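Each reported figure results from applying straightforward, stated rules to the coordinates on display, with no laboratory input. Keep in mind the model is a prediction, meaning the values are calculated, not measured. Here Cβ is always computed from backbone atoms with ideal geometry, including for glycine, and neighbour counts include all displayed protein chains.
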Amino acid sequence: MEKIFTHEEQKQYYALALKKFQSGEYEGAEELLQLLRESFLQDQDFESYIKVNIYLIRILVNTQRYEEMFDYILETEPYVEEYAAKTEHLAFRLIKAIFQDVMGIQSPIAELSVLLEEAIEINDIRHIFRAANNLLHSYNEEKKIEEGYALIERITPYLELVDKNDPIGPMMFYINSFDIYYARKDFENIEKNLIKLEKDSIYKTVPSLEFPYWSIKGLFILHHGEIEKAKYYFEKAYSMIKDKFYFVNYIERWVHAMKEHGEVEQAFAYQSLLVEALQEHIAMEKKVRRSEIISKFSTSGVVERLHHDRLSGAKSRAYFEEQLEKNREMIHYSVAVFDVDKFKIINDTYGHLVGDQAIKFIASIAMKWMPKSDMKLIRYGGDEFIIFMPYPKEEIEEEVSRLRQLIGTADFIVRGTGEVINFEVSIGVGYTDETPATLLQLFETADRALYYAKQNGRNQVRFREAIH
């Protein structure tokens, strides 16, 4: 199977993805990380696979796509349990706590407090701030203001130790601290935080997090009686966000602050914005109900989701490995392994997004081809697929050859250019008749047959009998 990336390319693209993530370019970071997760999984570099998945989940958190987190959590957890280092364990448990909080499953305070202590114990500065920021947010949500204030006092000294190239942690700390300070009417500390955010324009380093700064600035200015300037800052903040529901706490503060300053008409205008934001959110809730997300934590459907490959629609590698672990012996059984000949040329010529589209295209042909409902198509990784066929060689020989022909004659149209490509595939089949063989033996036999097909000209089917 052609490698998606070389090790050198993996390092290069990983560094670029992290740079984009840290600057708030989440779309570009996500695109690169999706490709890297496939590459690391292909290489069985599970530690890097875990790191990439954690960054992908953090992107979902930062872009408020909470409903999408469940699939990643479910896919990543088995690898975390077996391969993750202490830092990745912390990061993953933190993500799970955040997910359960935003989906209303349970308060995260107890778990976040434990994670904070663990991060402090090993002096992991990044995770100290990730745990502290989420804990501050939870204290504010649950009106535990004094607990939040004590936490700020405890964590502030760690600001001197943060990596200057990773501004998200300290920026979020200043913003979350504001919520606590504002509840205490502590405008002296609010001013100090604003000065820190304005130093070196730190609030501009992450564009997606800039809107809280302008709202905080507006509330501070309003406290000093500058009504028109405060309104300007609020409108600037309000224009920066897509989902207004996640701004309701700020809008509520503006409503109360305007009333306190006798600006009843303006308070009413902001009250209308608040109602509008809530109405939009209620409409969205009708489409994706919270109960549907919570129900995913039940056993119903969990295994099915774990066994599903999202890119191709086929069964996943996790499904394949689970079947191998059963170590059952088969008779009258065949396993096929196939991939696209010279697939790397597609990626190099048209890019990996077109490569992903090609994988979906080939998988769709294979799934439509399957002549029996008890056959299983599995995506092993990259452009390599496996087919479980509970039939002897003589019953599937012609059908497997037909699959090769179907893929070879189907026109794949490159999106954007309209160029037509016809793929060639090599297929290896391991089979057994009366002699029992395990799925692992059949798979290894099929893999050797595939290698033989590649060595002898490609674009062909080769059969080998499994030897017990």
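Suppose R0 equals 30 Å. What FRET efficiency, 1/(1 + (r/R0)^6) with r the Cβ-Cβ distance, do K259 and R184 give to the nearest 0.05? With R0 = 30 Å, the Cβ-Cβ based efficiency is 0.95. Here the simple spin-label model places points 7 Å from the Cα toward Cβ, and for E117 and S201 these points are separated by 4.3 nm. Among the listed pairs K20/K360; K19/K86; K19/K192, give every one whose C-alpha distance is greater than 25 Å. Where the Cα-Cα span goes over 25 Å, the pairs concerned are K20/K360; K19/K192. Applying a DSSP loop filter and a limit of 13 other Cβ atoms within 10 Å to the chymotrypsin sites (Phe, Trp or Tyr not before Pro) in the range 349-386 leaves nothing.
Relative contact order of the range 75-217, taken over Cα pairs closer than 8 Å and 6 or more residues apart, is 16 percent. With contacts taken as Cα pairs under 8 Å at a separation of at least 6 residues, the range 41-111 carries a relative contact order of 31 percent.
Listed by chain and number, the lysines placed with their C-alpha closer than 16 angstrom to that of K454 are K3, K342, K344; residues fewer than eight positions away on the same chain are left out. Between the listed residues I427, V354, V340, the Cα displaced farthest toward the positive end of the dipole of the range 307-465, a dipole computed from Cβ unit charges relative to the Cα centre, is found at V354.
Note: relative contact order over the range 307-465, using C-alpha pairs below 8 Å and six or more positions apart, is 30 percent. Both numbers refer to the Cα atoms of the chain; Rg and Dmax are 27.3, 90 Å. In order along the range 314-329, phi translates into HN-Hα couplings of 7, 5, 9, 4, 4, 4, 4, 5, 5, 5, 5, 4, 5, 6, 7, 9 Hz, rounded to whole numbers, per the Karplus curve 6.51 cos²θ - 1.76 cosθ + 1.60 with θ = phi - 60° and x for Gly and Pro.
Taking only the C-alpha atoms of the range 415-468, Rg followed by Dmax gives 15.3, 51 Å. Counting only Cβ charges, +1 for Lys and Arg and -1 for Asp and Glu, the dipole size of the range 29-137 around its Cα centre is about 400 debye. Shown here for the range 358-464: GluC sites (Glu not before Pro) in loop regions (DSSP other than H, G, I, E, B) with at most 12 other Cβ atoms within 10 Å, namely E419, E434. With the largest listed first and rounded to whole Å, the semi-axes of the equivalent ellipsoid of the range 307-465 from the Cα gyration tensor are 27, 16, 14.
Rounded to whole numbers, the Karplus 3J(HN,Hα) couplings from phi for the range 118-129 are 5, 5, 5, 4, 9, 6, 8, 4, 4, 7, 4, 6 Hz, using 6.51 cos²θ - 1.76 cosθ + 1.60 with θ = phi - 60°, and x at Gly and Pro.
Distances between every pair of Cα atoms in the range 99-246, grouped in 5 Å steps from 0 to the bin holding the largest one, split as 2, 9, 18, 21, 21, 16, 9, 3, 1, 0 percent.
Modelled this way, with points 7 Å down the Cα-to-C-beta line, the labels at E397 and K229 are 8.7 nm from one another. Near H308, the amide H atoms lying under 5 Å from its own belong to S316; only residues 5 or more places off or on other chains count, and H is placed 1.01 Å from N.
Each distinct pair of alpha carbons in the range 1-149 adds a 1/r term; the inverse of their mean, the Kirkwood radius, is 16.2 Å. About the centre of its Cα atoms, the range 307-465 shows a dipole size close to 380 debye [charges on the beta carbon of Lys, Arg (+1) and Asp, Glu (-1) only; nearest 20 debye]. The phi torsions of the range 344-351, fed into the Karplus equation with coefficients 6.51, -1.76 and 1.60 and a -60° offset, translate into couplings of 4, 4, 4, 4, 5, 7, 10, x Hz, rounded to whole numbers, with Gly and Pro shown as x.
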